[in-house]
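A.B. asks: Mind having a look at this structure? Questions to follow.
The values are calculated or read from the model by the stated rules, or taken from the named source; none is laboratory data. Note that the structure is predicted; figures quoted are calculated from it, not measured. FYI the Cβ positions are ideal-geometry reconstructions off the backbone, even for glycines, and counts take in every protein chain you see. Remember, those area values only see protein heavy atoms, side chains included, never the ligands or the DNA or RNA. Shrake-Rupley method; radii C 1.70, N 1.55, O 1.52, S 1.80 Å.
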Amino acid sequence: MRRQLKLGAFMRPVSIHTGAWRYPGALQDANFNFPALKRYAQDLERARFDAFFMADHLALLNMPIEALKRSHTATSFEPFTLLSALSQATQHIGLVATASTTFDEPFHVARRFASLDHLSQGRAGWNIVTTSNPDAARNFGREEHMDHAARYARAREFYDVVTGLWDSWADDAFVRDAGQGLYFDPDRLHTLAHRGEHFSVRGPLHIARPVQGWPVIVQAGASEPGRQLAAETAELVFTAVTSLSAGCAFYADIKDRMRRIGRQPDHLKILPGALVVVGETLEQARDIHAKLDSLVHEASAIASLSITLGHDASRFELDAPLPPVPESNASKSGRQRAIDLARAENLTVRQLARRMGGYGGLAFVGTPASIADDMQEWLESQACDGFNVMFPWLPGGLDAFVQGVVPELQRRGIFRREYEGATLRENLGLPRPGNRFFQS
């Protein structure tokens, strides 16, 4: 059997492209329009997507107001609230949310994701993020953002605590014997009593073990600590590689790290993020992409580049090459991608900002057949296990993909026509984790 693509949909924001809400025919309030989001989730499910993914941000004031006032992400739903609602409007598609290990507590996260997994009957996924935006710290009583290395050390212990809490109950703990008046077997309950460098958590979690054992663990960091965290903990990795060669190198690195620590490489799926612009012809697709880029205001573009670099790009000479950029406490992998792009294409700061202000990452721009060619090449070259698809605008960009590209992938035998199982794990081909405290 041929390898099968796994497809996630990046849906918060509904389009990562800054100009998306201005595109002719776009639903301008799609980020905060529940009937529309429900329709998108149902359309993606009919197309047999693996997952509906909601990124999250914990601060609004992360750029100058002149740029922020042009952003379609200024208002959006809290992920758990929205995904809980969508769990009742869908039956098969996975529901993945971001939760921060820097500004949340393990007990909260464990309880929320266990609840979502039960509400959805086994379709929840947790995207572990350490939060790169320093402005978030000010919303949680801190003046300074925790440094990069400390954030990852905290995240690793956070993961251990959350998964330990999910294992509080054996799968057969709830006997519900009305005759004896016995609701649960206390011998099948474990109190975690965790004490570590960052957390002291007694437990147990007061919700039954999740349907999937654990919700699927998702990770997106690409720095050295991020790659190691992914190799040790993740089952699904969202990455921002921008070329086939970079994809192959990242894929090999993560899978090799897994082998070295004794994990099965097939127990992790790697999905690069890809903006996909579909046209009836290549020329039409390129015109759509150019139109989108033209709708990005320069103030927004410069602000987006500043966030990526961790430094105020407006202070650079805009029509000169990108100067040396010092290290910062922001995302290391995002900063390096922008620097590499500027160097590889000899871009000025203004040109780089325009690229990053729209979407500066991997983009497939073409016809359904040419996009399927690209995706198939990545899959067969072992550069990925699938893609986290970003739509150029909503609803038209989503409709073009599910109506044009998905049937082409199915015709080639590299994407499912029906879901394989009932849970997100089953559809991704991932095993259900055993309980570390109890035998089945």
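A.B. asks: Using amide H atoms built 1.01 Å from N in the peptide plane, name the residues 5+ places from Val365, or on other chains, whose amide H lies under 5 Å from its own.
C.D. replies: Val277
A.B. asks: Additional query: Among rounded, prolate and oblate, which fits the range 69-139 when a ≥ b ≥ c are the square roots of the eigenvalues of its C-alpha gyration tensor, a/c under 1.5 means rounded, and a/b larger than b/c means prolate?
C.D. replies: oblate
A.B. asks: With the dipole of the chain worked out from charges on the C-beta (+1 for Lys and Arg, -1 for Asp and Glu) around the Cα centre, which of Thr281, Trp214, Ala299 lies farthest toward the positive end?
C.D. replies: Working it through, the farthest residue towards the positive pole turns out to be Trp214.
A.B. asks: Per q in 0.14, 0.20, 0.23 1/Å, what log10 I(q)/I(0) does a Debye calculation on the alpha-carbon atoms of the range 26-76 return?
C.D. replies: -0.48, -0.81, -0.94
A.B. asks: Could you sort 263-275, 179-191, 48-60 so that the peptide with the highest average Cβ count within 10 Å comes first and the rest follow in order?
C.D. replies: For the peptides 263-275, 179-191, 48-60, the packing ranking is 48-60, 263-275, 179-191.
A.B. asks: Of Pro134, Asn31, Ala41, which is farthest towards the positive pole of the range 28-144's charge dipole, taken about the Cα centre with +1 and -1 on the beta-carbons of Lys, Arg and Asp, Glu respectively?
C.D. replies: Of the options given, the answer is Ala41.
A.B. asks: Could you tell me, in Å, what Rg and Dmax come out for the Cα atoms of the range 175-331?
C.D. replies: Reported Rg and Dmax, both Å: 24.0, 80.
A.B. asks: Relative to the Cα centre, what is the charge dipole magnitude of the chain, using +1 at the beta carbon of each Lys and Arg, -1 at the beta carbon of each Asp and Glu, and rounding to the nearest 20 debye?
C.D. replies: For this selection, approximately 280 debye.
A.B. asks: Let me ask something else about it. For Glu78, tell me the accessible area in Å² from a 1.4 Å probe, rounded to the nearest 10.
C.D. replies: Glu78 has an accessible surface of roughly 90 Å² with all protein chains in place.
A.B. asks: Could you tell me the relative contact order of the range 122-225? Use alpha-carbon pairs under 8 Å, at least six residues apart, and round to a whole percent.
C.D. replies: Normalised by residue count, the contact order of the range 122-225 is 38 percent.
A.B. asks: Using +1 at the C-beta of Lys and Arg and -1 at the C-beta of Asp and Glu, which of Leu86, Thr163, Thr242 has the Cα lying farthest in the positive direction of the dipole of the chain?
C.D. replies: About the Cα centre, the residue reaching furthest to the positive side is Thr163.
A.B. asks: Okay, next question. What nm value, rounded to one decimal, do you get for the distance between Leu244 and Gln88 when each label is placed 7 Å out toward the C-beta?
C.D. replies: 4.7 nm
A.B. asks: Something else about it: Report the gain in length on full extension from Phe437 to Phe174: 0.36 nm times residue separation, minus Cα-Cα distance, nm rounded to one decimal.
C.D. replies: 93.1 nm
A.B. asks: Which loop trypsin sites (Lys or Arg not before Pro) in the range 61-148, with loop taken from DSSP, have no more than 15 other Cβ atoms within 10 angstrom of their Cβ?
C.D. replies: When the trypsin sites (Lys or Arg not before Pro) of the range 61-148 are filtered for loop state and at most 15 Cβ neighbours within 10 Å, Lys69, Arg142 remain.
A.B. asks: Might you work out the accessible area of Trp393 for me, using a 1.4 Å probe with all protein chains in place, and round it to the nearest 10 Å²?
C.D. replies: Around 40 Å² of this residue is reachable by solvent.
A.B. asks: Using a 1.4 Å probe on the protein heavy atoms, what percent of the accessible area of the chain belongs to carbon and sulfur?
C.D. replies: 50 percent
A.B. asks: Under 4 °C and 1.567 mPa s, how fast does the range 17-159 diffuse according to Stokes-Einstein, given a Kirkwood radius computed over C-alpha pairs? Answer in µm²/s, whole number.
C.D. replies: 78 µm²/s
A.B. asks: Then there is this: When the helix-only estimate is applied to the chain (DSSP H runs of n ≥ 4, each -39,500 (n - 2.57), divided by the residue count), what is the mean residue ellipticity at 222 nm, nearest 500 deg cm²/dmol?
C.D. replies: -11500 deg cm²/dmol
A.B. asks: Let me have the relative contact order for the chain, percent, based on Cα pairs under 8 Å that are six or more residues apart.
C.D. replies: Answer for the chain is 24 percent.
A.B. asks: Report the full-extension gain for the segment Asp287 to Ile339: residue separation times 0.36 nm, less the Cα-Cα distance, to one decimal in nm.
C.D. replies: 16.1 nm
A.B. asks: Next question, about the same structure. Accessible area per residue of the range 273-374 at 1.4 Å probe, in Å²?
C.D. replies: 46 Å²
A.B. asks: Same structure, new question: Sort Phe103, Phe316, Phe391 by accessible area with a 1.4 Å probe, largest first.
C.D. replies: Largest accessible area first, the list is Phe316, Phe103, Phe391.
A.B. asks: Additional query: Mean Kyte-Doolittle of at least 1.0 and a Cα length of 15 Å or more along the axis: which whole DSSP H helices of the chain meet both?
C.D. replies: Going by DSSP H runs, the hits are 298-309.
A.B. asks: With charges only on Cβ, +1 for K and R and -1 for D and E, what is the dipole size of the range 287-350 about its Cα centre, in debye, rounded to 20?
C.D. replies: Computed charge dipole of the range 287-350: roughly 200 debye.
A.B. asks: Still on this model: Ratio of alpha-carbon Rg to the 2.2 N^0.38 Å globular estimate for the range 251-361, to two decimals, please.
C.D. replies: Output field value: 1.32.
A.B. asks: Sticking with this one: When the Kirkwood radius is taken over all Cα pairs of the range 302-384, what Stokes-Einstein diffusion coefficient follows at 10 °C and 1.306 mPa s, in µm²/s?
C.D. replies: 113 µm²/s
A.B. asks: Report the convex hull volume per residue for the chain, counting only C-alpha atoms, in Å³.
C.D. replies: 149 Å³
A.B. asks: Which GluC sites (Glu not before Pro) does the range 287-347 hold that lie in a coil by DSSP with at most 10 other beta carbons within 10 Å?
C.D. replies: Within the range 287-347, the qualifying GluC sites (Glu not before Pro) (loop, at most 10 other Cβ atoms within 10 Å) are Glu327.
A.B. asks: Also: Can you work out ³J(HN,Hα) from phi for every residue in the range 19-32, in order, using Karplus 6.51 cos²θ - 1.76 cosθ + 1.60 and θ = phi - 60°, giving whole Hz and x for Gly and Pro?
C.D. replies: x, 4, 5, 8, 5, x, x, 6, 7, 6, 9, 4, 5, 10
A.B. asks: Per the Kirkwood formula on distinct C-alpha pairs, the Rh of the range 1-98 is how many angstrom?
C.D. replies: Every distinct Cα pair counted, the radius reaches 14.5 Å.
A.B. asks: Another question about this same structure. Quick one: dipole size for the range 150-197, taken about the Cα centre, charges +1 on Lys/Arg Cβ and -1 on Asp/Glu Cβ, in debye to the nearest 20.
C.D. replies: Magnitude of the dipole: close to 340 debye.
A.B. asks: What FRET efficiency comes out for the pair His267/Gln28, r = Cβ-Cβ distance, R0 = 56 Å, nearest 0.05?
C.D. replies: 0.85
A.B. asks: Using the reciprocal of the averaged 1/r over all distinct C-alpha pairs, how large is the Kirkwood radius of the range 367-440 in Å?
C.D. replies: By the Kirkwood definition, the hydrodynamic radius is 14.6 Å.
A.B. asks: Working out 0.36 nm times the residue gap between Leu318 and Arg411, then minus their Cα-Cα distance, what length gain in nm do you get to one decimal?
C.D. replies: Net length gain for the segment: 28.8 nm.
A.B. asks: Find the centroid of the Cα atoms in the range 1-74 and in the range 229-289, then give the distance between the two in whole Å.
C.D. replies: 19 Å
A.B. asks: Next question. Tell me, what is the percent relative contact order of the range 315-378, built from C-alpha pairs under 8 Å that lie six or more residues apart?
C.D. replies: It rounds to 33 percent for the range 315-378.
A.B. asks: Cα centroids of the range 292-342 and the range 118-165: how far apart, whole angstrom?
C.D. replies: 25 Å
A.B. asks: Then there is this: If you take the square roots of the eigenvalues of the alpha-carbon gyration tensor of the range 121-208 and sort them as a ≥ b ≥ c, do you get rounded (a/c under 1.5), prolate (a/b over b/c) or oblate?
C.D. replies: Since a/c reaches 1.5 and a/b is larger than b/c, the shape of the range 121-208 is classed as prolate.
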